[in-house]
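The values are calculated or read from the model by the stated rules, or taken from the named source; none is laboratory data. Not measured: the values here are computed from a predicted model. Neighbour counts are summed over all protein chains in view; Cβ atoms, including those assigned to glycine, are modelled from backbone coordinates with ideal geometry.
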Amino acid sequence: MQPDVRVCYSNVRSGAHPMPHCRHLTSASLEALANGLYTAALDGRPEQWETALGEIADAFGASRAFLQPCEGGASWGSVRPIFVRAEPEWAQSYIEYYGALDPLLPLAFRMRGPDRAMLDRQILDRRDFERTEFYQDWARPQGMNTGAFGFFLPDRPAKHRGWGVLMLVRDSRSDVFDQGEQQRLEALLPHVRRAVSAGLQLGSAMSERDALAAALDRLAPRGALLVNAQGRVVFANAAAETLLARSDAPIGRTRDGTLTVSARAPSAVRADLVRLLARAAGKDGQSAEGGTVHIPVENLTARSIVLEVLPFADARPFGSTLVLVMIDRAQEPPQDPPLTIKALQARWDLTPAEARTALLLAKRGTGSKMLARELGVSPTTVRTHLQRVLEKTDTHSRAALVALLLHGPV
């Protein structure tokens, strides 16, 4: 399988005039090149990396520029090897054959150091280089005359860790790179390293985010929302989006994306949702804890729902603390079933303690700690009672249990 490589050839210079030198490359010019690299890292598109690399080639008077890993695989994940101003067939021939014959890169790699630049004549005697098959059959036909190598080691993520190299090449119309240009290349290398590292981390985060979104989409027909610590919806799977789009839905989003309940719902329900979201996000220094809340509606065209609000373990792909909100839709319009301890005992053969715990859960929709305080028992006891109730009622979550108790036949 051939590695994925970006080749940009549209900006090849022509004419007989030598390329300019970078002896007068100022700190402001280096800053502009660094900004181009960071823009490429944040943008993520290969075309933006090509633009940044082309600007570096121009600044150093190079006819071609290459950015690629030199160990640990064919790519760094989201940051692909890029050949700027090299004909596609020549770039591909380097990857498929001539790269293994390149005498300079392996020698330079052995001499490498973090953010270190080297010139070709410091690596191999010119006469020895010109006698190689690589020079005669690949470099010379392209007019490649002299080169500079800059090595760097990207930061995490570790799975993409591996040395990288920025290569600048001049053709026979230009002078060789000098030590001043070598020093300026070394001054640029920390920015190359940071930009590639940032690109890897952002690309990894986007991949994780896409995988997470796909997983939540597979929960359909259950709706799933990810809500940040400010109460704003940052992701909704397809089932949740369908519900949020309805004008008569029990829940919705404000203009700034904040999750809210229908204006027809009691104000106490809105307060319960805000409280549950804050508690699940671990705000005010409290330990994160989940819970459930019933959102009723008063018309017959929409169904009431039960929201199960849970702390979300790994929110790194989204860059903030998140809460997972699972949506269970009731099968019948909201009613006021005669919920009593005796009725629950008779229906599902619950013990008095189990029935009392289930009844309080249905009425308050709170987490284990709050239920424990009201019942005067430990959270462990509450969890034990609820687990037995789930087994006896053949339900698999607290939200499903609340929906059954509120809307199922008792």
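Only one entry in ASP314, ASP284 is assigned to a helix (DSSP H, G or I), modelled with pLDDT under 80 and not hydroxyl-bearing (Ser, Thr, Tyr), namely ASP284. Looking only at segment 163-177, residues that are surrounded by fewer than 23 Cβ atoms within 10 Å (Cβ to Cβ) and either closer than 15 Å to SER29 by Cα or modelled with pLDDT under 90 (or both) come to 8 in all.
A Cβ distance below 6 Å, combined with a sequence gap of six or more or placement on separate chains, defines the contacts here; from segment 241-257, residues that are touching a residue at least 24 places away in the same chain (Cβ under 8 Å) and in the same structural domain as ALA224 (by TED's automatic domain parsing) reach residues that are part of a loop (DSSP other than H, G, I, E, B) and among the β-branched types (Val, Ile, Thr) in the pairs ASP248/THR301; PRO250/VAL297.
Each row is one residue, and each column tells you yes or no for (1) under 32 Å from the mean Cα position of the chain (by Cα); (2) touching a residue at least 12 places away in the same chain (Cβ under 8 Å).
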{"position": "PRO106", "(1), (2)": "no, no"}
{"position": "PHE109", "(1), (2)": "yes, yes"}
{"position": "ASP137", "(1), (2)": "no, yes"}
{"position": "GLY147", "(1), (2)": "no, yes"}
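Examine segment 121-135 for a residue that is outside any helix (DSSP H, G or I), surrounded by 19 or more Cβ atoms within 10 Å (Cβ to Cβ) and among the polar types (S, T, N, Q), and state whether such a residue exists. No - not one qualifying residue is present in segment 121-135.
Take the conditions (1) outside any helix (DSSP H, G or I); (2) in contact with a Ser or Thr (Cβ under 9 Å, 6 or more places away or on another chain); (3) at pLDDT 85 or above; ALA65 misses just one of them, which is (2). Residues being touching a strand residue (DSSP E or B) at 6+ places or on another chain (Cβ under 7 Å) and either modelled with pLDDT under 80 or not in a helix (DSSP H, G or I) (or both) are entirely absent from segment 20-42.
Tell me, yes or no, whether segment 118-130 has at least one residue that is farther than 19 Å from ALA65 by Cβ and either in contact with a Pro (Cβ under 7 Å, 6 or more places away or on another chain) or not assigned by TED's automatic domain parsing to the domain that holds LEU153 (or both). Checked segment 118-130: at least one residue is farther than 19 Å from ALA65 by Cβ and either in contact with a Pro (Cβ under 7 Å, 6 or more places away or on another chain) or not assigned by TED's automatic domain parsing to the domain that holds LEU153 (or both).
Inspection of segment 342-360 identifies no residue that is modelled with pLDDT of 80 or more and in contact with a strand residue (DSSP E or B) (Cβ under 8 Å, 6 or more places away or on another chain). Would you mind stating whether LEU386 is modelled with pLDDT of 85 or more, among the hydrophobic types (A, V, I, L, M, F, W, C) and either assigned by TED's automatic domain parsing to the domain that holds VAL261 or surrounded by fewer than 22 Cβ atoms within 10 Å (Cβ to Cβ) (or both)? Yes: the conditions hold for LEU386.
If you go through segment 259-283 and keep only what is polar (S, T, N, Q) and over 14 Å from ASN228 (Cα atoms), you end up with SER262, SER267.
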